[in-house]
Amino acid sequence: MFQIEKRNDVVRVSPDKFGSKLKKVALEVLRSKYESTINSDMGYIIQVIDVDLDPVGKIIPGDGARYHKVNFSVLSFFPLLQEIVEGEIVEITDFGAFIRIGPTDALLHLSQITDDYLTSDVKQGIIQASQSQRTLKVGSKVRVRITAVSLGRGASMGKIGVTCRQPFLGALEWIADDIPKSTEKVEKPKKE
């Protein structure tokens, strides 16, 4: 889930930045510290959006910099267990497919695609089911449920596991085929 969170911190403004606009310097410092990192509380931090800072800073003896308290907003992506998301297959491997969801990739293991027997052709970038002949390929749009989340620290990627072994999950064309089948009315026996 994408979200905007409010946070606070202290920004160090080095002496060589004293002539610059304080808000701009604070934004640069916060972006270099937070953007493209993973935080266990916020998830994948995409961008620092806005900053509001105390114009009165503090100076610490032995350090010529000023320290300012700041409140800022970040745009982040926090994958939630059991959340249903849509993404695009970006890589096919021998053991499954990687799906781009938000700013990261999730693993869709072969065992989590379907009950059918699957074959994976890495060179052609395709996974095919033997009985139903359904396929997944690089570029396919899929709907999946998040089943495992392990967020790393700092710039580590973290790990997300997903499944499409439930009704109305999988490639979007599979879902489009399954909807009419699920809405067909079963004839009721006539009463005599």
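No lab work stands behind these numbers, since they all come straight from the coordinates. Predicted, not measured: the structure shown is a model, and the values here were computed from it. Heads up, the Cβs are rebuilt from the backbone with ideal geometry, glycines too, and the neighbour counts pull from every protein chain shown.
In plain terms, the residue of D16, D178 with the fewest other Cβ atoms within 10 Å comes first and the most crowded comes last, giving D16, D178. If you take the Cα centroid of segment 74-124 and the Cα centroid of segment 1-30, the two points sit 35 Å apart.
Here K141 is the anchor, and the aspartates and glutamates within straight C-alpha reach of less than 12 Å, apart from those fewer than 8 places off in the same chain, are E86, E88, E173.
Exposure proxy shown here: for L172, L108, L27, L53, the number of other Cβ atoms within 10 Å sets the order, fewest to most, as L172, L27, L53, L108. Amide hydrogen proximity for E83: with H placed 1.01 Å from N in the peptide plane, the residues at 5 or more positions away or on another chain lying under 5 Å are I146. Multiplying each eigenvalue of the alpha-carbon gyration tensor of segment 2-77 by 5 and taking the square root yields semi-axes of 25, 11, 11 Å, largest first, rounded to whole angstroms. Listed values for segment 113-121 are Karplus-derived 3J(HN,Hα) couplings in whole Hz (6.51 cos²θ - 1.76 cosθ + 1.60, θ = phi - 60°), namely 8, 7, 6, 5, 6, 10, 10, 10, 10, and x replaces Gly and Pro. Taking the square roots of five times each eigenvalue of the Cα gyration tensor of the chain, the equivalent ellipsoid has semi-axes of 49, 19, 12 Å, listed largest first. Shown here is the pair-distance distribution of segment 84-183: with all Cα-Cα distances grouped in 5 Å bins from zero up to the longest one, the shares run 3, 13, 24, 26, 17, 9, 5, 2, 1, 0 percent.
Taking chymotrypsin sites (Phe, Trp or Tyr not before Pro) in DSSP loop conformation with at most 15 other Cβ atoms inside 10 Å as exposed sites, the chain has its longest uninterrupted site-free stretch at 19-94. For the chain, the longest principal axis of the alpha carbon atoms and the long axis of helix 22-34 meet at an angle near 40°. Note on segment 49-88: Cα Rg divided by 2.2 N^0.38 Å, N the number of residues, gives 2.10.
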